[in-house]
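One structure is given below, encoded as structure tokens.
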Amino acid sequence: MSNPISGFSKLSKAQKIAWLTKTYFKANEQATDVLKRYWNSDNELQKLHDDFIENTISNYYLPMGIAPNFLVNQGLYAIPMVIEESSVVAAASNAAKFWLDKGGFTTQVISTIKNGQVHLNFFGNTADMTAFFGVVKPKLIASISQVETNMKKRGGGLLDIQLIDSTDTLDGFFQLHCTFETLDAMGANFINTCLETFAQTLEREAKTYKAFNTSQTYPEVVMSILSNYTPECLVRASVSCHVDLLAQKDLDGRLFAQKIVRAIAIAKATPRRAVTHNKGIMNGIDAVILATGNDFRAVEAAVHAYACKDGQYSSLTHASVENDIFKMWIDLPLALGTVGGLTSLHPLVGFAFDLLQKPNAKKLMQLVAVAGLAQNFAALRSLVTTGIQKGHMKMHLMNILNGVQATDAEKALAVTHFTSHQVSHSAVIAFVEQLRA
């Protein structure tokens, strides 16, 4: 077992790597070579990447693919996707093509409100806390006047502050629930700065409030932080058409529509299915979030919390058939940004935004929701017809071949062979071994 190291962050990148290889790889040069292979040959670009996070030693590449032919509100888009999983981009592309001549995708931003809280301890008289809030609220709002100057110029800023009595869930627990409009910025830094300013102002003003002085009981700030749960920052994406247009090979359109509706009903009924159902949706969403330099962890947390909003983890998508019209839709809480952070730093993020025709935050919300809906439709289409493995394993074939270092000639023969044969790991290995024998 190695000894702890002091001052690691102060070492140069070369020194960090030297320590790592000496400590964990017995100075094996192959470990260093792997790291260096992923350095960018453009030194300025590499320096940019090095500065994104702390203690950088290399870059970790993920493929960037394109899903074309997305008709969204009658506009045509090619959607960038960054993901390592086989068949995701192909599935999105197939769904886009399927709906291209059926009206495409329709989207609507329902609301764009973001929020954060100042979490408080107060074990005194609730009436005193309520009265104090009525007095201090205007001062809280005034305290961020400089912080929100630029945001207000763009049409955003603080919307409201509410005092929430949460003592029924936790003894002595109160919150300042604050809502914001941050426009094209995700707004985390802005919101957190506002919340911390509120906290300082509240504690300062509480010291001179007569009722608190009399009782010698004061509100205490525990923490001030934005919430990544944004159910008021909501977008909807949908598709619809006559059931006759849904006909599949050997499957009537009406029956296909019923199968999709039933599959979603099952995902609503049982969390075990809903988790996998929603994971497939997030394949599409996360891929676009990554491509556009947004925070996929925040999006994941918000979306999965939203899937529990009715008391049980459930499907994010919905479907119906009424008067022979099939409709499928998704509502998602998406707090996204098109300015700030990596959105203005990473060159490939810049490429992604140019490809998407420079969307604002609302348009990006819509395109991300479309990617999630498309992914779910493609998955359900496979599940209720041919099964998920047929298409997935075909796309996974190249990964298996690369795993056994297949040559280009072996890959070509394998692709031809498995066009008409079932793909499995053992079957591919056996085929390659037979070729080599």
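None of the figures in this text is laboratory data; all of them are computed from the coordinates on show. Everything numeric here is computed off the predicted structure, so don't read it as measured data. Here the Cβ positions follow ideal geometry from the backbone for every residue, glycine too, while neighbour counts run over all protein chains shown.
Rounded to the nearest 10 degrees, what's the angle between the helix 88-100 long axis and the longest principal axis of the chain, both from Cα atoms, 0 to 90?
Rounded to the nearest ten degrees, it is 90.
Given charges of +1 on the Cβ of Lys and Arg and -1 on the Cβ of Asp and Glu, with all other atoms neutral, how large is the dipole of the chain about its Cα centre, in debye to the nearest 20?
Dipole magnitude for the chain comes out near 500 debye.
Rounded, prolate or oblate: which fits the range 8-50, taking a ≥ b ≥ c as square roots of the Cα gyration tensor eigenvalues, rounded meaning a/c under 1.5, else prolate when a/b beats b/c?
Judged from the Cα gyration tensor, the range 8-50 comes out oblate (a/c at least 1.5, b/c at or above a/b).
Report Rg(Cα)/(2.2 N^0.38 Å) for the chain, keeping two decimals.
Compactness ratio reported: 1.20.
What are the equivalent ellipsoid semi-axes of the range 1-79, built from the alpha-carbon gyration tensor (square roots of five times its eigenvalues), in whole angstrom, biggest first?
With the √(5λ) rule applied to the range 1-79, the semi-axes are 38, 14, 12 Å.
Based on DSSP, what percent of beta bridges with both residues in the chain are antiparallel, to the nearest 5?
95 percent
Rounded to the nearest 10 degrees, what's the angle between the helix 271-291 long axis and the longest principal axis of the chain, both from Cα atoms, 0 to 90?
Value to nearest ten degrees: 90.
Connecting C-alpha atoms closer than 10 Å in a GNM of the chain, tell me which of Val147, Val82, Val299 has the biggest fluctuation.
Its mean-square fluctuation being the largest, the pick is Val147.
Which of Leu120, Leu35, Leu355 moves the most in a Gaussian network model of the chain with Cα springs under 10 Å?
Highest fluctuation among the options: Leu35.
Run the numbers on the chain and let me know its relative contact order in percent, using alpha-carbon pairs under 8 Å that are six or more apart.
Relative contact order for the chain comes out at 17 percent.
Output the 0 to 90 degree angle, nearest 10, between the alpha-carbon long axis of helix 408-417 and the longest principal axis computed from the alpha carbons of the chain.
Taking the Cα atoms of the chain, the angle to 408-417 is about 80 degrees.
Using θ = phi - 60° and the Karplus curve 6.51 cos²θ - 1.76 cosθ + 1.60, what whole-Hz ³J(HN,Hα) does each residue of the range 375-380 get, with Gly and Pro shown as x?
Per residue, the Karplus-derived 3J(HN,Hα) values read 4, 5, 4, 4, 5, 5 Hz.
Taking the beta-carbon count within 10 Å as an exposure proxy, list Asp168, Asp252, Asp354, Asp50 from fewest neighbours to most.
Least crowded to most crowded, the residues run Asp168, Asp354, Asp252, Asp50.
For a quick check: with amide H placed at 1.01 Å from N, whose amide H comes under 5 Å from Ser227's, ignoring anything fewer than 5 positions away on the same chain?
For Ser227, the qualifying residues are Asn115, Gly116, Gln117.
Can you tally the net charge around Glu148? Count Lys and Arg as +1, Asp and Glu as -1, for every other residue whose Cβ sits under 12 Å from the Cβ of Glu148.
Taking every Cβ under 12 Å from that of Glu148, the sum is +2.
Give me Rg over Rh for the range 391-436, both radii from the alpha carbons and Rh done the Kirkwood way, two decimal places.
We get a ratio of 0.90 for the range 391-436.
Relative contact order for the range 125-211: what percent, with Cα pairs under 8 Å and sequence separation of 6 or more?
33 percent
Could you please tell me the mean projected area of the C-alpha convex hull for the range 114-227, averaged over all directions and given in square nanometres to one decimal?
6.6 nm²
When all C-alpha to C-alpha distances in the range 216-304 are sorted into bins of 5 Å, what percent of pairs does each bin hold, rounded to whole numbers?
Reading the bins upward from 0: 3, 10, 13, 16, 16, 13, 10, 7, 4, 3, 2, 2, 1, 1, 0, 0.
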